[in-house]
Every structure is written in C-alpha cells, then in structure tokens.
Amino acid sequence: MPELQRLHADHAPAVLAFELANRAYFAASVPDRGDDFFDQFPERHNALLAEQETGNCAFHVLVAEDGSVLGRFNLVDIENHTAELGYRVAQHVTGRGVATTTVRELCHLAAVQYRLHTLRAATVSRNAASQKVLIKAGFVPAGPVDPAHLGGNPGTWYQRDLADAISSGC
C-alpha cells in the first residue's frame, strides 16, 4: 500500500524519475517546470529540504511499495494557520482515487500535525480532474486566481476549513 512520507534527501532519485516520466502529462494541465528544473534538480531538491526546515513549507511524497514516487503533495506558504496545497500524481495512477485519498490524508495531517486551520489550492481552469479531486476532498470554490500565480493561466482558488479534519480523519 502506498505511503505518504515527508520529503527527505533519499527521495531525490525517485522524485526526479517521477517528474521526468510524467513531464509531458503534467504539461498538458499545469505550466511546465522547464529544462532548468531538471538540469538543476539536485540543487532544487536540497533547497526544498532547507525551506522545509524553516517550517514555512511541508513537502510530501506518496511512495509505492517498490520505492517509486506516485505523487507529490505539498503545503507551502504556511502562515497564520493557513497553507496552500499543491499536488501532482503519476499518470498511471490517475482515475483510481489516489489523489483524492491522499489529499484527504494530507488535510488530516495539516490539521493534526501542522496545526493548520485552512488550506487553499489553485487550479487552472482546464484542469477539471484536479477540481474534482478538491471538491471530493471537501474544498469549495473561493474565487478567481490571479493568472500570474498559475503561469499566466486563468484559474480558481479552492478552500477547505480543517475543523472537521481532526475528528473525521480526513
């Protein structure tokens, strides 16, 4: 069974493999990370770990039994008991409830472990699958996103109050 793990240094090779294998798939629905992301991956991974140590972000990976990464689930800009949720899952596991289940798990972690009260997530308008995941995980539309936040693409903010995440386990 896949396990949600906090990002650590040993995840770097599996995260890079995940990003490379799914690059074209991701680029169809979210802005591409660009060649520099892959060329400078070790430095970027170390920078994420350093940022995580500050407490401003909490990065997670969904790891399969074989050690491969099935998804990335991140809490960024943690401030005033609020954070922004970002996630991406491998193409070969889409449509199986993996994203929804893991977003629910992360909502519970956000409330219990990180003591957050609210999560926000932005999706580009063309990413209907992500919008569906957020709604199934208890998020509601909360208004338009500044396109600059999404690489120039129009989109919508979704928000979830985490008050019930402690008692419901999701």
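The values are calculated or read from the model by the stated rules, or taken from the named source; none is laboratory data. No experiment lies behind these values; they were computed from the predicted model shown. Here the Cβ positions follow ideal geometry from the backbone for every residue, glycine too, while neighbour counts run over all protein chains shown.
Of everything in the range 121-159, what is farther than 13 Å from Val30 by Cβ, modelled with pLDDT under 95 and of a type in the set (A, V, I, L, M, F, W, C)? Give them in sequence order.
Ala148
Among the numbered criteria (1) among the charged types (D, E, K, R); (2) within 19 Å of Thr54 (Cβ to Cβ); (3) in contact (Cβ under 8 Å) with a residue 40 or more places away in the chain, which single criterion is violated by Arg88?
Only one criterion in (1) among the charged types (D, E, K, R); (2) within 19 Å of Thr54 (Cβ to Cβ); (3) in contact (Cβ under 8 Å) with a residue 40 or more places away in the chain is unmet by Arg88, namely (2).
Kindly indicate the residue of the range 26-53 that is touching a strand residue (DSSP E or B) at 6+ places or on another chain (Cβ under 9 Å) and part of a helix (DSSP H, G or I) and also modelled with the lowest pLDDT among those meeting that condition.
Filtering the range 26-53 for residues that are touching a strand residue (DSSP E or B) at 6+ places or on another chain (Cβ under 9 Å) and part of a helix (DSSP H, G or I), the one modelled with the lowest pLDDT comes out as Phe26.
Please work out which one of (1) within 16 Å of the chain's Cα centre (by Cα); (2) over 24 Å from Thr100 (Cα atoms); (3) of a type in the set (Lys, Arg) is the condition Arg6 fails and give its number.
(2)
Could you look through the range 15-24, keep only residues that are more than 16 Å from the chain's Cα centre (by Cα) and touching a residue at least 40 places away in the same chain (Cβ under 8 Å), and pick out the one that is nearest to Val124 (Cα to Cα)?
Ala21
Just for helices (runs of 4 or more DSSP H) wholly inside the range 56-170: which have at least 3 residues that are over 23 Å from His45 (Cα atoms), under 15 Å from the mean Cα position of the chain (by Cα) and of a type outside the set (Gly, Ala, Ser)?
It comes to 98-112, 128-136.
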